[in-house]
Amino acid sequence: MNILVTGAAGFIGSNYVHHRLNSSEADQVVALDALTYAGNRANLAELEDDPRLIFIEGSICDAQLVESVVREHQIGLLVHFAAESHVDRSIDGPDAFIEANIVGTHTLLRACKSVWGELGLAGGGHFHHVSTDEVYGTLGPEDPAFHERTPYAPNSPYAASKAASDHLVRSYNRTFGLRVTTSNCSNNYGPYQFPEKLIPLCILNVLAGRPLPIYGDGKQIRDWLYVEDHCRAIDSIIARGSVGDTYNVGGNNEWANIDVVRLLCALLDSRFQDDTDLAKRFPESPCAVGTSASTLIRFVDDRPGHDTRYAINAGKIGSELNFTPRENFETGLGMTVDWYLDNEVWWKSVQGKNNIPSAKN
Ligand SMILES: NC(=O)c1ccc[n+]([C@@H]2O[C@H](COP(=O)([O-])OP(=O)(O)OC[C@H]3O[C@@H](n4cnc5c(N)ncnc54)[C@H](O)[C@@H]3O)[C@@H](O)[C@H]2O)c1
């Protein structure tokens, strides 16, 4: 089966390509990515010599390109990650989110409908759409977790653009019979995450001795899932999910932002205690002189429209598809911290290319 992975040079897309090629012998993977600020060829560098991987630089909004890729590579499965994904950026400039997340998703759906129809694959090709729990809006402290029938109530332009793309995907199934599935997942963390997001930003700021900015009181609650578990969840939906259905994916792992940062600080404190070489590599870090990383925590003005709590009821994927995450937060965060400590060349090149500001999360 030939697979098209969109957004394959981004955080989750690149982890998915690694996961797919490591867990399957036969797949030909076509990786399509526009290489925006968030996309990095280096995320796929370890697979450069793998003949099963073909990389194409281009936009999902380019209808001609997308159609020719689906046709010429005889794509039977499309896994759609490409998106503008950072909430802060959607507040500063929503237009790019409308274009990539709504127009881009529609361009892909139209191409699949047209080419799979021509090839007689209309019922055979499979379109898996990767979405977010942010489409459901926000929860109060005692509200039940989001389930698949929770009404959509997106609060940021990012979440609204993802909600619109989810509806388009659904409509192509109901109206045109396209074989689609959708997953709505909670916050991911792990290797190759662009260092503007909370966890990698905090790891790198601790290493550089920069402040750890926490929005508001830091009590906003998120559910966290290790990225490899998300990849496994997507595979189980593609393999065994009901066509036309959506599946919520989460880690059953709710944490307040401030507690995530405190846990990260404790992990980094102990890495420095165990490995004296780290003090030489990162002399600006407070941990290099035995001071806790948590002394860098600073509270900053809250983000407008900041959702208070997200929580996922992942009962459907658990009971129907027998999916459970393998990692808990401590094991997953430990692996993530170690990956960033071991991959300084990667994050230095990403920071250098993008001139990443250090003051936001
Ligand atoms: N990161 C999370 O915690 C999380 C959680 C749930 C769902 N999601 C969803 O998963 C998907 C991937 O998220 P991520 O965190 O890996 O994002 P990311 O920002 O790291 O990667 C997005 C990738 O898409 C590419 N891209 C953007 N516009 C494009 C276009 N027009 N054409 C082709 N490529 C384009 C970028 O170059 C980048 O490589 C997104 O759809 C996001 O909504 C993310």
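Using only the C-alpha atoms of the stretch 210-361, find the volume of their convex hull and express it per residue in Å³.
Per residue, the Cα convex hull of the stretch 210-361 comes to 147 Å³.
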A correct Karplus calculation of ³J(HN,Hα) over the stretch 309-323, with 6.51 cos²θ - 1.76 cosθ + 1.60, θ = phi - 60°, whole Hz and x for Gly and Pro, returns 8, 10, 8, 10, 8, 9, x, 5, 5, x, 7, 7, 10, 6, 9
Relative contact order computed over the stretch 114-221 (Cα-Cα under 8 Å; 6+ residues apart), in percent:
29
Mean Cβ-within-10 Å packing, highest first, puts peptides 138-145, 312-319, 183-190, 284-291 in the order 183-190, 312-319, 284-291, 138-145
Ala256 to Ala239: extension gain in nm, 0.36 nm per residue of separation minus the Cα-Cα distance?
2.8 nm
Rounded to the nearest 500 deg cm²/dmol, what is the calculated helix-only ellipticity per residue at 222 nm for the chain, with -39500 (n - 2.57) per DSSP H run of length n ≥ 4?
-12500 deg cm²/dmol
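Relative contact order for the chain: what is it in percent, counting Cα pairs under 8 Å that are at least 6 residues apart?
Worked out over the chain, it gives 18 percent.
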The simple spin-label model distance between Tyr37 and Ser294, using points 7 Å out along Cα→Cβ, in nm, is 3.2
Can you give the log10 of the normalised intensity I(q)/I(0) at q = 0.09, 0.14 Å⁻¹, computed with Debye over equal Cα scatterers of the chain?
-0.49, -1.19
Over 23 Å between C-alpha atoms is what I'm after, so list which of Lys162/Lys316; Lys113/Lys197; Lys197/Lys353; Lys162/Lys348; Lys197/Lys219 land there.
Lys113/Lys197; Lys162/Lys348
Distance-filtered residues of the stretch 40-77 - backbone nitrogen under 14 Å, label point 7 angstrom along Glu118 Cα→Cβ
63-75
Considering the Cα trace of the stretch 94-167, what is its radius of gyration and what is Dmax, both in angstroms?
15.3, 51
Taking the 0 to 90 degree range and rounding to the nearest ten, how far is the long axis of helix 257-274 tilted relative to the main principal axis of the chain, both from C-alpha atoms?
60
Hydrodynamic calc, the stretch 22-82: Kirkwood Rh from Cα pairs, then Stokes-Einstein at 4 °C with viscosity 1.567 mPa s, so D in µm² s⁻¹ is 102
Please work out the Cα convex hull volume for the stretch 39-174 and give it in Å³ per residue.
141
Would you report the distance distribution of C-alpha pairs in the stretch 74-118 as whole percents per 10 angstrom bin, up to the bin with the largest distance?
26, 41, 23, 10, 0
I need to check one value: relative contact order of the stretch 50-126, counting alpha carbon pairs closer than 8 Å and at least 6 residues apart, in percent.
42
With no solvent and one point per C-alpha, what does the Debye sum give as log10 I(q)/I(0) for the stretch 108-220 at q = 0.09, 0.23 Å⁻¹?
-0.38, -1.24
Computed for the chain: size of charge dipole around the Cα centre, +1 on C-beta of each Lys and Arg, -1 on C-beta of each Asp and Glu, debye to nearest 20, value 460
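Mind pulling up the Rg/Rh value for the stretch 180-228? Radius of gyration and Kirkwood radius, both on Cα.
1.05
Every read-out reported here was derived from the displayed coordinates using simple, explicitly stated rules and does not represent laboratory data. Since the model is a prediction, treat every value here as computed from it, not as a measurement. Glycine also receives a Cβ, built like all others from the backbone with ideal geometry; neighbour counts cover every protein chain displayed.
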